[in-house]
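Structure first, then comments.
The values are calculated or read from the model by the stated rules, or taken from the named source; none is laboratory data. Because the structure is predicted, anything quoted here is derived from the model rather than measured. All Cβ positions, even for glycine, are placed from backbone atoms using ideal geometry, and neighbour counts span all protein chains on display. Accessible surface areas use protein heavy atoms only, side chains included; no ligands, DNA or RNA. Shrake-Rupley method; radii C 1.70, N 1.55, O 1.52, S 1.80 Å.
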Amino acid sequence: MSFTGKYQLQSQENFEPFMKALGLPDEQIQKGKDLKSISEIVQDGKKFKVTVTTGTKVMKNEFTIGEECEIELMTGEKVKGVVQMEGNNKLIANLKGVKSVTELNGDTITHTMTIGDLTCKRISKRI
């Protein structure tokens, strides 16, 4: 199953409390919560390029499954981590205390991020 495609955010749960826990300023959270971000994913075997555009902010990350890489977080901070693949449709990473699981089912991507007992879920559909 290939992740390649463009996806638009459809819905999200716990966005504001999660972003506060990450340390984002309220002004940035308020701006970001109503924007429908577009994620573009290009998968070439184990190599991934992910571009997320939210309003004027563009975040680009590239990684290879199982290899250490540098990933930019929503806060703009860059951290080192390893992305693993579970089955053929789930990407899992633990980055600076945040567990990130991205699951592809048909034309829907569910991205779940967890810090402690706080979970943010974002659902995007292929466009």
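Tabulated data for the structure shown
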| read-out | value |
| --- | --- |
| Evaluation of K31 against (1) touching a strand residue (DSSP E or B) at 6+ places or on another chain (Cβ under 7 Å); (2) not in a strand (DSSP E or B) (one fails), failing number | (1) |
| Condition met for E40 (closer than 19 Å to R126 by Cβ, of a type in the set (D, E) and either touching a His at 6+ places or on another chain (Cβ under 9 Å) or part of a strand (DSSP E or B) (or both)) | yes |
| L9 vs. criteria in a strand (DSSP E or B) and open to solvent by less than 30 Å² (accessible area, probe 1.4 Å) | yes |
| Residue in segment 16-27 that is loosely packed, with under 12 Cβ neighbours inside 10 Å and within 25 Å of R126 (Cα to Cα) present | no |
| Near pairs, Cβ below 6 angstrom, 6+ apart or cross-chain, from segment 51-62 (on the phi > 0 side of the Ramachandran plot) to any residue that is not in a strand (DSSP E or B) | G55/L35 |
| When residues of segment 42-86 are limited to those that are touching a helix residue (DSSP H, G or I) at 6+ places or on another chain (Cβ under 9 Å) and either hydroxyl-bearing (S, T, Y) or within 19 Å of T4 (Cα to Cα) (or both), the one most open to solvent (accessible area, probe 1.4 Å) | T75 |
| Candidates K47, K33, filtered to the one that is under 20 Å from K125 (Cβ atoms) and touching a residue at least 12 places away in the same chain (Cβ under 8 Å) | K33 |
| Within segment 87-106, considering residues that are assigned to a loop (DSSP other than H, G, I, E, B) and free of Cβ contacts under 8 Å to residues at least 24 places away in the same chain, the one surrounded by the most Cβ atoms within 10 Å (Cβ to Cβ) | K96 |
